[in-house]
Amino acid sequence: ISSAHMRTTVKEFGAELLAKSRLLYELQGALAGDIRHGALVAHYQPQVNYAEGRLIGMEALVRWQHPARGLVSPGSFIAVAESSDKIYQVDLQVLEHVCRDMRAWLDAGLPDLPVSLNFSRRSLLHPDVIGDLQRLLTLYGIPGRLLEFEVTESLLVETPELLSPRVAEFRAMGIRIAIDDFGTGYSNLDAINSFSFDRLKVDRQFVHGVASNKRVAGLFRLIQGIAEVFDVELVCEGLELEEDRAWLAERGSHCVQGWYFSPARTPRDIAAILAAVKARGADAPPLSLDEL
Ligand code: C2E
Ligand code: MG
Ligand code: MG
Ligand code: MG
C-alpha cells in the first residue's frame with residue numbers, strides 16, 4: 001500500500017467516525033426530550049390475514065423527525081445506536097409511544113389489535129427492561145398480551161443462556177415473541193428448538209419473487225416446513241407483488257405484511273383504519289386494499 005493510499009484510507013475512516021459520532025450526538029439530543037414532543041415517533045405497518053380478510057396486528061417501526069433531514073428511517077441510525085447504550089433509550093421511547101398510542105385507540109373504543117416491536121439485543125438484555133416494561137404497561141393500562149417482541153434469529157445463537165430466561169420473563173407477562181428476519185441469520189435449528197416463540201417472520205428475501213424464482217420458492221417452502229414443525233404462525237414480510245400473494249395463498253400461507261397492502265402509517269392513519277375495521281362489524285366481507 002502506498003503512503004498516499006494509506007493517507008486517503010485514514011482520512012475516509014476518520015470522516016466515517018466523525019459522521020457516526022455526530023449522528024450519535026444528534027440522537028442524544030433527540031432522546032433528551034419528552035416523548036410527547038419527541039423527535040422519535042412510531043409508525044405502524046399493518047399485518048393482514050388475507051384468507052380471512054382480517055387485520056391481525058401491526059409492527060411499530062421507529063422514525064426520527066430530524067430538524068434538517070426530515071423523516072429519517074431506522075436503517076440509517078439503528079446500527080449506530082446499537083453500537084452504544086443509546087439503543088435502549090430508542091427502544092424504550094418506541095415502547096412508550098406504542099403504549100400511549102394503544103391507550104388512545106382503546107379509549108376511543110377501537111379494536112385491541114396486538115403491536116409488534118423490534119427490540120435490539122442490548123435492550124432485551126438491559127438490566128432495567130423488566131422494571132421499565134412493568135412501569136409503562138401499568139401507567140398506560142396495556143395488557144402484555146397486546147405486545148409482541150421481535151427478536152432477530154442471530155440473537156438466539158449469540159447469547160442463548162442470557163436470552164432464554166429473559167424471554168421467559170416476557171412470556172410470563174403475556175408478551176408474545178416472534179423470530180424476525182428468519183432465514184438471514186444462522187438458521188441454527190438447535191438454537192431455535194431450545195427457544196420458546198410464538199411466530200416466525202420470513203425475511204423479505206424469501207418472499208419477494210417467490211412466484212417467479214424456483215430457488216426462492218424452494219427456500220420459502222423449507223421455512224414454511226420449519227414453522228409447521230414448531231407449530232407457530234408464519235408471517236411473510238415485504239410482500240409487494242400480487243403474483244407472490246397468489247402463490248403464497250395457494251400454499252396456505254396467508255399472514256402477510258408488506259407494501260402490497262400498506263407501508264408503515266402514522267398513529268392517526270392507524271386510528272382511521274381501526275375505526276373502519278370496527279364499523280364493518282363481525283359479518284363484514286373481507287377487508288379491501290383501499291381500506292389499508
Ligand atoms: P424489520 O423489523 O425487518 O422491519 C421491516 C422493514 O421492512 C421496515 O423497514 C419496513 O418499512 C420494510 N418493509 C415493509 N414492507 C416492505 C415491502 O413490501 N418492501 C420492502 N422493500 N420493504 C418493506 P424500516 O422501517 O426502514 O426498518 C428497518 C429495520 O430497522 C427494521 O427491520 C428493524 O430491524 C429496525 N427497526 C425499526 N424500528 C426499530 C425499533 O424501534 N427498535 C429497533 N431496535 N430496531 C428497529
Ligand atoms: Mg421487525
Ligand atoms: Mg423483519
Ligand atoms: Mg428485515
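Mind checking the dipole of the chain: about its Cα centre, +1 per Lys or Arg Cβ, -1 per Asp or Glu Cβ, Debye to the nearest 20?
Details: 30 positive and 39 negative charges, 130 e Å.
For the chain, the charge dipole is close to 620 debye.
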Sequence ranges 77-84, 13-20, 136-143, ranked by mean other-Cβ count within 10 angstrom, highest first:
77-84, 136-143, 13-20
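Span-like helices, the chain: DSSP H, alpha-carbon axial extent 15 Å or more, mean Kyte-Doolittle -1.0 or greater, which ones? Present the calculation step by step, with values, prior to reporting the outcome.
Working: long enough: 3-32 (43 Å, 0.05); 86-107 (32 Å, -0.21); 129-140 (16 Å, 0.83); 160-172 (18 Å, -0.14); 214-230 (24 Å, 0.79); 267-280 (20 Å, 0.57).
The qualifying helices are 3-32, 86-107, 129-140, 160-172, 214-230, 267-280.
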Calculate the FRET efficiency for residue 9 and residue 259 from the Cβ-Cβ distance with a Förster distance of 41 Å, rounded to the nearest 0.05.
0.60
Percent antiparallel among DSSP beta bridges with both residues in the chain, to the nearest 5?
45
With label points built 7 Å along Cα→Cβ from the Cα atoms of residue 17 and residue 268, find their separation and express it in nm.
4.4
Please compute the modelled spin-label separation between residue 173 and residue 196, points set 7 Å along Cα→Cβ, answer in nm with one decimal.
1.5
Would you mind ranking 102, 173 so that the residue whose beta carbon has the fewest other beta carbons within 10 Å leads the list?
173, 102
So how strong a dipole does the range 156-289 carry about its Cα centre when Lys and Arg Cβ are +1 and Asp and Glu Cβ are -1, to the nearest 20 debye?
340
Set 20/214; 86/214; 20/201 screened for pairs whose C-alpha atoms are more than 32 Å apart
20/214; 86/214
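Using 0.36 nm per residue, how much length does the chain from residue 25 to residue 112 gain when fully extended, once their Cα-Cα distance is taken away?
Values: separation 87, 0.36 × 87 = 31.32 nm, distance 3.72 nm.
Length difference between fully extended and current span is 27.6 nm.
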Using alpha carbon centroids, what distance separates the range 6-81 and the range 200-245, in Å?
27
Report the gain in length on full extension from residue 276 to residue 76: 0.36 nm times residue separation, minus Cα-Cα distance, nm rounded to one decimal.
68.6 nm
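Determine the calculated [θ] at 222 nm for the chain from helices alone, applying -39500 (n - 2.57) to every DSSP H run no shorter than 4 residues and normalising by the residue count; nearest 500 deg cm²/dmol. Walk me through the numbers before you get to the answer.
Values: 11 runs with 137 residues, N = 292.
It lands at -14500 deg cm²/dmol.
Given Cβ point charges of +1 (Lys, Arg) and -1 (Asp, Glu) and nothing else, what value in debye, to the nearest 20, does the dipole of the range 22-159 about its Cα centre take? The partial results should precede the final answer.
Numbers: 12 positive and 17 negative charges, 67 e Å.
That gives the range 22-159 a dipole magnitude of about 320 debye.
Calculate the FRET efficiency for residue 158 and residue 222 from the Cβ-Cβ distance with a Förster distance of 25 Å, rounded to the nearest 0.05. Don't jump to the answer; show the numbers that get you there.
Working: r = 23 Å, r/R0 = 0.91.
After rounding, the FRET efficiency stands at 0.65.
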With no solvent and one point per C-alpha, what does the Debye sum give as log10 I(q)/I(0) for the range 147-292 at q = 0.09, 0.16, 0.19 Å⁻¹?
-0.33, -0.96, -1.18
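Every read-out reported here was derived from the displayed coordinates using simple, explicitly stated rules and does not represent laboratory data. Given the structure is predicted, the values throughout are model-derived calculations rather than measurements. When we count neighbours, we look across all protein chains shown, and the Cβ atoms used for this are built from the backbone with ideal geometry, even at glycine.
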